[in-house]
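One structure below.
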Amino acid sequence: QVQLVESGGGLVQAGNSLRLSCVASVRSFSRHGMGWFRQAPGKEREFVAGILWSTGDANYADSVKGRFPISGDNAKNTVYLQMNNMKPEDTAVYYCAAQRSIVILTTARAYDHWGQGTQVTVSS
């Protein structure tokens, strides 16, 4: 079983920044792509950002494009989501996920391993 552990969530004021980390087990690297998703109460889980380990290519949801760069550190088995200029609409539980495709996927059902999530709350 692939293990993914998120950290870095918390309470932040709008306009400030927060960085999320996702530490993956060694077996996680059999998955080519990593992604960040978020889910607010009563809403569907939505794609935030994705990255491919092999190339570093990234894809972003329109709502976070230009604000939330995703990056990976192969030596640390870690994927990051740098969240800048945060807005109250960013409030959600954020999940790290892994998938097997060699292209970036944006639907939650395509990802087969998930972390437990970390709460991010943005106050106005």
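The values are calculated or read from the model by the stated rules, or taken from the named source; none is laboratory data. Remember, it's a predicted structure, so these values are computed and weren't measured experimentally. Note that each Cβ is placed from the backbone with ideal geometry, even for glycine, and that neighbours are counted across all protein chains shown.
Given the criteria modelled with pLDDT under 95 and loosely packed, with under 14 Cβ neighbours inside 10 Å, does Gln1 qualify?
yes
Look at Gln82 and say whether it is modelled with pLDDT of 95 or more and either more than 11 Å from the chain's Cα centre (by Cα) or within 20 Å of Val12 (Cα to Cα) (or both). Break it down into steps so the answer makes sense when it comes.
Numbers: modelled with pLDDT of 95 or more: yes; either more than 11 Å from the chain's Cα centre (by Cα) or within 20 Å of Val12 (Cα to Cα) (or both): yes.
When the stated conditions are applied, Gln82 passes them.
Out of everything in the range 19-34 that is buried (at least 21 other Cβ atoms within 10 Å of the Cβ) and modelled with pLDDT of 95 or more, what residue ends up being nearest to Lys76 (Cα to Cα)?
Per the stated criteria, the residue is Cys22.
Residue check, Val12 against (1) in a loop (DSSP other than H, G, I, E, B); (2) over 16 Å from Tyr95 (Cβ atoms); (3) touching a residue at least 12 places away in the same chain (Cβ under 8 Å), all met but one. Which one?
All conditions pass for Val12, except number (1).
Cβ-Cβ under 6 Å, sequence separation 6+ or interchain: first residue in the range 57-81 and at negative phi, partner in a loop (DSSP other than H, G, I, E, B) and surrounded by fewer than 18 Cβ atoms within 10 Å (Cβ to Cβ). Which pairs?
Pairs that qualify, where the first residue is at negative phi and the partner is in a loop (DSSP other than H, G, I, E, B) and surrounded by fewer than 18 Cβ atoms within 10 Å (Cβ to Cβ), are Arg67/Asn84; Arg67/Asn85.
Among the residues of the range 28-48, is any of a type outside the set (D, E, K, R) and touching a His at 6+ places or on another chain (Cβ under 9 Å)?
For the range 28-48, residues of a type outside the set (D, E, K, R) and touching a His at 6+ places or on another chain (Cβ under 9 Å): present.
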